[in-house]
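We did not get these values from a lab; they are worked out from the coordinates using the rules stated. Keep in mind that what you see is a predicted model, and the values were worked out from it rather than measured. All Cβ positions, even for glycine, are placed from backbone atoms using ideal geometry, and neighbour counts span all protein chains on display.
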Amino acid sequence: MNVPNDNSHRFVDILRLDEVDSTNRYLLDRAREGAPTGLVVVADRQSAGRGRLGRTWETPAGASLLVSVLLRPELDASHRQIVVMAAALAMADAVQHTTGVMAEIKWPNDLLVGDKKLAGILAESSGDAVVVGIGVNLAWDVVPQELEGIATAVSLEGGQSATRDEVLEAFLTRYSELLDDLDVTIQSYRDRLATLGKRVRVDRNDSSVVGIAVDVDEFGHLLVQPDTGDVVTIAAGDVVHLRPA
Ligand code: BT5
């Protein structure tokens, strides 16, 4: 499987902003105005960075990479999650390549070092457009108080320093390759997924599931085997990695 879009996801057009409320909001608006696939926006600072489910993405002073990418994948809606998985994998590879820090993926798309979050991804859609936004913590002196115990940064993990542009370039190159080969993406994503084989609790809107995370299917859904009963297929939720029972 690949994204059949004749090389148009080569990311040649990069918009650089000093400050914006949210790079995702900005790019979604451009998408609605007809901006082409492959458009990238990066910002130095965000005043209202978005997380999932109405949460916020904090960007303390210091270098964080804040980037959103516009894609118009010719994939049916049920298969679109793969382009988001590819972004997580591409960023994990880019960070490792440029800084030496090895991050793992927590389902669906968090990048973790140990149990702390190095990067988060938010995908939002409008019509045929998907905006994939990623925040990566790069050169932080300290973890801000409100993220104590939750977040980490390349600098705090002893990584080699890399500029935002170096990480961005490595990411866009890798992302482009993965979008050309989505079958490889699924397998490589599974290989980087710390969640697989772990005992997890998945919190969904209305309920939680506890069990072993056994696989991820081609739609990006997480398959969890509870202690009793059948495997549960989970499309969206928050995962907590638990200690073995
Ligand atoms: C995410 O949400 O992890 C998605 C974050 C996406 C941010 C990027 S930045 C560029 C683009 N433009 C945007 O407006 N957004 C995207 P979620 O899984 O809901 O995680 C949010 C939670 O992570 C918060 O409630 C905090 O607990 C924690 N958090 C906030 N800022 C963080 C940071 N810088 N590093 C690590 N954790 C953070």
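Points to keep in mind about this one:
- Prolate/oblate/rounded call for the chain, Cα gyration tensor, a/c under 1.5 rounded: oblate
- Legend: ranking of residues E74, E33 from fewest to most surrounding C-beta atoms inside 10 Å; resulting order E33, E74.
- Each 5 Å bin from zero holds the following percent of Cα-Cα pairs in region 25-154: 2, 10, 21, 23, 21, 13, 7, 3, 0.
- Among residues other than R32 with Cβ under 13 Å from its Cβ, the summed charge is -1 (Lys and Arg +1, Asp and Glu -1).
- Per the Debye formula on identical point scatterers at the alpha carbon atoms of region 165-204, with no solvent, log10 I(q)/I(0) at q = 0.15, 0.18, 0.27, 0.33 Å⁻¹ is -0.54, -0.68, -0.88, -1.03.
- Couplings 3J(HN,Hα) for region 238-244, derived from phi with the Karplus relation 6.51 cos²θ - 1.76 cosθ + 1.60 (θ = phi - 60°), are 10, 9, 10, 7, 9, 6, x Hz, where x marks Gly and Pro.
- Taking amide H atoms as placed 1.01 Å from N in the peptide plane, the amide H of A63 lies under 5 Å from those of A139, each 5 or more residues away in sequence or on another chain.
- Theoretical FRET efficiency, 1/(1+(r/R0)^6), r = Cβ-Cβ of D76 and D191, R0 22 Å, to 0.05: 0.30
- Charge dipole magnitude, Cβ of K and R +1, D and E -1 - region 7-192, Cα centre, debye nearest 20: 300 debye
- Formal net charge of residues neighbouring R243 (Cβ-Cβ distance under 12 Å; K, R +1; D, E -1): +2
- Per-q log10 I(q)/I(0), region 117-244, q = 0.10, 0.11, 0.14 Å⁻¹ (Debye; single scatterer per alpha-carbon; no solvent): -0.44, -0.53, -0.86
- Table column - 3J(HN,Hα) (Hz), region 201-215, Karplus curve with 6.51, -1.76, 1.60, x for Gly and Pro: 10, 10, 8, 10, 3, 10, 7, 10, 10, 10, x, 9, 6, 9, 6
- Kirkwood Rh in Å, taken over region 199-241 so that all alpha-carbon pairs contribute: 10.2 Å
- By the helix-only formula, in which each DSSP H run with n ≥ 4 contributes -39500 (n - 2.57) and the sum is divided by residues, the chain has a 222 nm mean residue ellipticity of -7500 deg cm²/dmol.
- ³J(HN,Hα) computed for each position of region 164-175 - Karplus, 6.51 cos²θ - 1.76 cosθ + 1.60, integer Hz, glycine/proline x: 4, 5, 5, 5, 4, 5, 4, 5, 5, 5, 5, 4
- The loop-placed GluC sites (Glu not before Pro) in region 88-168, going by DSSP, that have at most 15 neighbouring Cβ atoms within 10 Å of their Cβ come out as E148.
- Per-residue Cβ neighbour rank within 10 angstrom, fewest leading, M85, M102: M102, M85
- Close amide-amide hydrogen proximity is noted between D21 and S47, each under 5 Å apart and 5 or more residues distant or on a separate chain (H modeled in the peptide plane; Pro and chain starts excluded).
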